[in-house]
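The values are calculated or read from the model by the stated rules, or taken from the named source; none is laboratory data. Every value quoted in this text rests on a predicted model; they were computed, and no experiment measured them. In this analysis, Cβ positions are derived from the backbone assuming ideal geometry, glycine residues included, and neighbour counts consider all displayed protein chains. Keep in mind that these areas ignore ligands, DNA and RNA; they rest on the heavy atoms of the full protein, side chains included. Shrake-Rupley method; radii C 1.70, N 1.55, O 1.52, S 1.80 Å.
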Amino acid sequence: QVQLVESGGGLVQAGGSLRLSCVASRTSFRINAMNWYRQAPGKQREFLAAITSGGSTSYTDSVKGRFTISRDKTENTVWLQMNSLKPDDTAVYYCNAVLNSLAVYWGQGTQVTVSS
């Protein structure tokens with residue numbers, strides 16, 4: 001079992017920045033990848049960014065150039081730096097961890113609200 005705790009959400013004006021953090025508890029399994037998703041009211045959960053154990057990253061088109069995912073493997077921590085935020089970025093942001101056992105664990109989410 002892996003527990004994930006997100007933090008860093010809040011209220012920000014359009015054009016502003018936030019940095020989200022996600023800390024995973026220790027596990028005997030290797031974490032293959034950690035990802036960020038978001039879910040806006042009335043919408044499906046949307047993939048945003050991923051980072052593998054080797055440091056490779058990928059992003060959905062809507063956040064490329066604005067969001068940056070990074071990771072501290074020794075601390076099982078992943079960050080999502082979000083710049084140039086827009087009202088459409090308002091959502092609950094979730095991180096998950098994909099283990100080498102193929103199990104997937106999710107955090108509880110953190111609210112991000114961008115005012116116009």
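Whole number in Å², please: accessible area per residue of the chain, 1.4 Å probe, ligands, DNA and RNA not counted.
Accessible surface, normalised per residue, equals 52 Å².
Give a residue-ordered list of calculated ³J(HN,Hα) values for segment 30-39 (Karplus: 6.51 cos²θ - 1.76 cosθ + 1.60, θ = phi - 60°; whole Hz; x for Gly, Pro).
Taking θ as phi minus 60°, the curve returns 7, 8, 6, 7, 10, 9, 10, 10, 8, 9 Hz for segment 30-39.
Within segment 1-41, list the residues whose amide N lies under 16 Å from a label point set 7 Å along Cα→Cβ of residue 88.
Hits in segment 1-41 for residue 88 at 16 Å: 14-16, 38-41.
Sorted by average packing, counted as other Cβ atoms within 10 angstrom per residue and highest first, what order do 33-39, 12-18 take?
33-39, 12-18
Alpha carbon centre of segment 28-42 versus segment 65-116: separation in Å?
Going from one Cα centre to the other spans 7 Å.
Quick one: net charge of residue 17's neighbours, Cβ under 13 Å, K/R +1, D/E -1?
+2
With each label point set 7 Å from Cα along the Cα-Cβ vector, what nm distance links residue 7 and residue 75?
1.0 nm
May I ask you to derive the FRET efficiency for residue 100 and residue 61 from their Cβ-Cβ distance with R0 = 41 Å, giving the value to the nearest 0.05?
Once the sixth-power term is evaluated, E becomes 0.90.
Within 15 Å, Cβ to Cβ, of residue 107, how many net charges do the neighbouring residues add up to if Lys/Arg are +1 and Asp/Glu are -1?
Here the count lands on +2.
What share of the DSSP beta bridges in the chain is antiparallel, in percent to the nearest 5?
Just about 90 percent of them are antiparallel.
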